[in-house]
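Novice: Submitted below is the structure of interest, expressed as structure tokens.
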Amino acid sequence: MSYNREAYEQVHAVDQPTEEHKATWSHELIGGAAAFEAMRLYEQKAEKEGKQDDHAFAKEILAGIAGASVDGLIESKGLNFIDREKAKRHATQEAEKLYKERTGYTGGF
């Protein structure tokens, strides 16, 4: 299982984080979870619409979904101690890596 999928499952398994969670959860964990969710949603949408990969469009969509996912996780889980901007940057970077792994795209973003 990938790091991002593990992060996603770890974060979504908890309704209300405890102090223990807050001590161990970081912007990397939240970003990884958001990246996994962004890639999952992008793939579902592409499959549903039967679209071919447009790498520039994929980059924009993944960044937007990843950022929204970070915001949603921080708000729904009460994670105000997480650095939101660091988590968004990490989520975008991880989503781009996942995209490249899953599509075989070797170009730059």
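Novice: On a straight-distance basis, which aspartates and glutamates could pair with residue 86 in a cross-link, Cα separation under 15 angstrom, same-chain partners fewer than 8 positions away excluded?
Specialist: 28, 71, 94
Novice: Write down the radius of gyration of region 3-103 and its Dmax, each obtained from C-alpha positions, in Å.
Specialist: 13.5, 44
Novice: Something else: For the chain, what is the calculated [θ] at 222 nm in deg cm²/dmol (nearest 500), taking -39500 (n - 2.57) for each run of four or more DSSP H residues and dividing by its residue count? Numbers along the way, then the final one.
Specialist: On the way: 5 runs with 82 residues, N = 109.
When only DSSP H runs of four or more count, the value is -25000 deg cm²/dmol.
Novice: For residue 102, put the label point 7 Å out on the Cα→Cβ axis and report which residues of region 36-60 keep their amide N under 11 Å from it.
Specialist: 36-47, by backbone N distance to the label point.
Novice: Moving to a separate point now. Please find the FRET efficiency linking residue 43 to residue 93, where r is the Cβ-Cβ separation and R0 is fixed at 22 Å, and quote it to the nearest 0.05. Walk me through the numbers before you get to the answer.
Specialist: On the way: r = 18 Å, r/R0 = 0.82.
So, using R0 = 22 Å, E works out to roughly 0.75.
Novice: Then there is this: In debye to the nearest 20, how big a dipole does the chain give about its Cα centre with +1 on each Lys and Arg Cβ and -1 on each Asp and Glu Cβ? It would help to have the intermediate numbers written out before the result.
Specialist: Values: 15 positive and 20 negative charges, 45 e Å.
The dipole of the chain has a size of about 220 debye.
Every number here is computed from the coordinates shown, using simple stated rules; none is lab data. Computed from a prediction, not measured in an experiment: that's the story for all the values here. Positions of Cβ are generated from backbone atoms using ideal geometry, with glycine treated the same way; all protein chains shown enter the neighbour counts.
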